[in-house]
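One structure is given below, encoded as structure tokens.
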Protein chains: 2
Amino acid sequence: MNFKIRRAAKEDCKDISRMIMELAVYEKMPDQVKISHEGFTIIGYALYFYTYSTWKGRAVYVEDLYVMPEFRGNGIGTGLLSKAAEIGKKKQCVRLQLSVLNWNTPSRDFYAGKGAQDLTVTEGWHTIRFDGQNLDKLANEAPKD
Amino acid sequence: MNFKIRRAAKEDCKDISRMIMELAVYEKMPDQVKISHEGFTIIGYALYFYTYSTWKGRAVYVEDLYVMPEFRGNGIGTGLLSKAAEIGKKKQCVRLQLSVLNWNTPSRDFYAGKGAQDLTVTEGWHTIRFDGQNLDKLANEAPKD
């Protein structure tokens, strides 16, 4: 199958927002997304940004990696992920990280097959979140300058 | 106990790098840090940056939160964390996230007591990492433009 991995442009937003919703459906949390769009020509996307480890330096974090179901198994996911790795390395990143759901065996196997380490399993890292009223309450505890 | 929560300045680097090492020792991974420094006047730090959720928008991520052992139990950790929350909210963040080790019960209890959700427990999120040769290999698979 022929496909092209490229940087997203402003005019891709409609397709990307559709796939953001599709990814949320796949992750069984569609009620978490409040946006919608129709029509498509783009069949997958990766969204990444840079983070920083005080131990190792800059890292690239892949927030979303998605390929439409009917186009899976063609190396598009690998293309997107490896492109993020390549861009990260050009920016001196020593790590690429991402999060995956426990029940999502196809994705966990995909990452493991490419040599990734599951830090939750090997080192016991948990992800903690404050949001909504808990975040408001926490922010209100901040000492005044 | 009197303490002041403030933004870090360039001249704090020595103290902060000492505490980066202390935090790694506490997390039982001191061999992960290759830097060292001596002398201190600063007794804790929080390092944060911004991340982005395609479902919810901007978030603040607290990479490190550390208070020297002899100064714990004085509300300094809460001061640092709540300041990051306050700064995050000013920047329109709807979440504050961080990672904690499974065995680190004092910290897990501290976050839970402030209303945080453990996403690894409640939703099953795992943290995945590529680094070293696995990252190199992945980057080399990237399709050419």
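The values are calculated or read from the model by the stated rules, or taken from the named source; none is laboratory data. Quick caveat: nothing in here was measured; it's all calculated off a predicted structure. Methodologically, a virtual Cβ is constructed for each residue, glycine included, from the backbone with ideal geometry; neighbour enumeration extends over all protein chains shown.
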Practice item. Looking only at region A:127-143, decide whether some residue is within 16 Å of B:Gly132 (Cβ to Cβ) and surrounded by fewer than 20 Cβ atoms within 10 Å (Cβ to Cβ). Key: no
Check your understanding: Is it true that some residue in region A:93-104 is more than 25 Å from B:Glu27 (Cα to Cα) and among the charged types (D, E, K, R)?
Key -> no
Revision key, fill the gap. Of the residues in region A:53-82, those that are more than 12 Å from chain B (Cβ to nearest Cβ) and among the small types (Gly, Ala, Ser) number 1
Review point. When only residues in region B:83-111 that are of a type in the set (Ser, Thr, Tyr) and within 7 Å of chain A (Cβ to nearest Cβ) count, which is surrounded by the fewest Cβ atoms within 10 Å (Cβ to Cβ)?
Key: B:Ser99
Practice item. For region A:78-94, enumerate the residues that are out of contact with any helix residue (DSSP H, G or I) (no Cβ under 7 Å at 6 or more places or on another chain) and within 16 Å of B:Ala142 (Cα to Cα). Key: A:Thr78, A:Gly79, A:Leu80, A:Lys83, A:Ala84, A:Ile87, A:Gly88, A:Lys90, A:Lys91, A:Cys93
Exercise for review: Taking B:Val121 as meeting all but one of (1) more than 26 Å from A:Lys89 (Cβ to Cβ); (2) in a strand (DSSP E or B), write down the number of the exception.
Suggested key: (2)
Review point. Out of all the residues in region B:39-52, which are more than 10 Å from chain A (Cβ to nearest Cβ) and either free of Cβ contacts under 8 Å to residues at least 12 places away in the same chain or in a strand (DSSP E or B) (or both)?
Key: B:Gly44, B:Ala46
Review point. Of all residues in region B:124-145, which are in a loop (DSSP other than H, G, I, E, B) and more than 7 Å from chain A (Cβ to nearest Cβ)?
Key: B:Lys144, B:Asp145
Check your understanding: Considering region A:66-85 alone, what residues qualify as being under 16 Å from the mean Cα position of the chain (by Cα) and either assigned to a helix (DSSP H, G or I) or among the small types (Gly, Ala, Ser) (or both)?
Key -> A:Ile76, A:Gly77, A:Thr78, A:Gly79, A:Leu80, A:Leu81, A:Ser82, A:Lys83, A:Ala84, A:Ala85
Check your understanding: Taking the stated definitions as given, is B:Ala85 under 30 Å from A:Leu47 (Cα atoms) and out of contact with any Asp or Glu (no Cβ under 6 Å at 6 or more places or on another chain)?
Key -> yes
Revision key, fill the gap. Among A:Asp118, A:Asp109, the single one that is at pLDDT 90 or above, charged (D, E, K, R), under 17 Å from B:Arg129 (Cβ atoms) and touching a His at 6+ places or on another chain (Cβ under 9 Å) is A:Asp118
Revision key, fill the gap. Subset of region A:104-144, residues under 25 Å from A:Ser82 (Cβ atoms), without any contact (Cβ under 8 Å) to a residue 60 or more places away in the chain and polar (S, T, N, Q), comes to A:Thr105, A:Ser107, A:Gln117, A:Thr120, A:Thr122, A:Thr127
Practice item. Could you please give the count of residues in region B:15-31 that are under 15 Å from B:Ser99 (Cβ atoms) and either away from chain A (no Cβ under 11 Å) or in a helix (DSSP H, G or I) (or both)? Key: 3
